[in-house]
Amino acid sequence: MPRPLAGALFAGLLLPAVALADCPSPYTLDALLADLGTVESALRAGDDPNAVKGATQIENGIVCMSEPMRRPIVGKTYRAMGAGLIIGGQEERGTKWLRTAAEVEPTFEFGLEDLPAEHPVRAAYANARSSASGEETVLSATWAGEGYVDGRKLEEPKAKEDRLHLVQVVPEGGGVQSWIVTGSEFPSAAMVMTVTDTRGEKPPKGEKAPKPPKPPKGEKPPKGEEPVAAAKPPKPSRNQPTTTTGLGEVQQASRNRPPEKTPLMLGGGLIALGGGGVLYYLASANVQDFKNEQVDSEIVQSSWRDARLFTIASMSVFAVGAGTFTWGVILDGSGTPAPAVQFRF
C-alpha cells in the first residue's frame, strides 16, 4: 500500500466526531468546496491517495463548520466521503455515507465523467442505493436550539437507521455545534429530553398499579379532586308493579287515568244511550205512523218530517255523548281551552 494512502487510512480510523468547540479553526464553505473538487478530480483520474485524503479532510471538517450544512451540496459531499473511504478500505463506513447520499438525492447516478466504467465505487453505490429506504426514528426529545440533520432543518430530532448523519444545533446564543452520528444515536448535548406523563397507563402484567398518595391527616384533598360517589339508581314507585330480569329490577309501566275522566265517561255514556235512545225511539214511532195508511195525509207528512228530525237529533246526541268520554279538553296553561281526541280509554 502506498504511504500516502496508508497514512490517510490511519487518520480515518482515528477520526473523532467533535463539536465546533474542539476544533482548532472553523471549516468554511470555501474549504469544503475545495476539498470536494480535490476528491472528484482524484476519482476521475484514478488518484486513490488524494481521493482518500480529501474524503478524510471533509469528514474531519464538517463537524467544525461555522454554519449549518447547505442542503444542495449534502448529496455531493456525502458521496465524496463515501467513495474516498471505500477506496481507503473503510467499506462499511463509506457505504453508510453513500446510503445517506442516496436518501438525500435518490435520482443521482454516477456517469462516465464522474467515475471510470469499472470503478468499484459504482457497485458500492448501487448496493447502498438499494437499501436507502426506511422509516425515520423519532426521538422523545426536543432540540436544544435549532436542529438540523443532513442540512435539513427539523422540528423534532429524527433520522433513519443504519447510516451516518451530520447533526447540527444552533443554540440561542449563536454558533454551531456539529456531530457525526449513526442512525438516531443523537448526542445528549443536542437535545432536551421530554418527560412522558405515565398517568393513566396500565402497569405491566403481574404488577399492581401504585396507589395515589393520601393527603396528610386532617387535610382535605385539593378542590376538584374530591371523590365523587356513584349516582344511585332511582327506587321504583310503590304504586307501580316491578319485575326482575337479567338486568335487575325493572318497573312496569301502567296507565294512570286522571280523575276528571270518570264523570266524562259516565255522563257521556248516559247522554249517548239515554238521550240518543229516547230520540231514536220517537223517530221510530213517527216512522210507524208514516207507514200507517189509515192516518190522515197531513199527519203522515208531519210524522215523516218529525221522524227525520228525531233521527238526526238522536244521531247528534249520540255523537255528543260518545264524544264526551272519547274527547276531552286540554288546558295547556295559557288559559285557552283546546279540544283533544283520546282514542284509548
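Since every read-out is calculated from the coordinates, none of them should be taken as a lab result. Predicted model, so just to flag it, every value in this text is computed and none were measured. Backbone-built Cβ (ideal geometry, glycine too); neighbour counts: all protein chains shown.
Numbers below:
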{"quantity": "Cβ-based exposure ranking for His165, His119, in which fewest neighbours within 10 Å come first", "calculated": "His119, His165"}
{"quantity": "Burial ordering of Met69, Met81, Met315, fewest other beta-carbon atoms within 10 Å first", "calculated": "Met315, Met69, Met81"}
{"quantity": "Among 134-141, 107-114, 177-184, 93-100, the order from most to least packed when residues are scored by Cβ within 10 Å on average", "calculated": "93-100, 177-184, 134-141, 107-114"}
{"quantity": "At q = 0.13 Å⁻¹, base-10 log of I(q)/I(0) for segment 27-157 (Debye sum, equal scatterers on each alpha carbon)", "calculated": "-0.54"}
{"quantity": "Estimated dipole of segment 3-193 in Debye, rounded to 20 [Cβ of Lys and Arg +1, of Asp and Glu -1, Cα centre]", "calculated": "200 debye"}
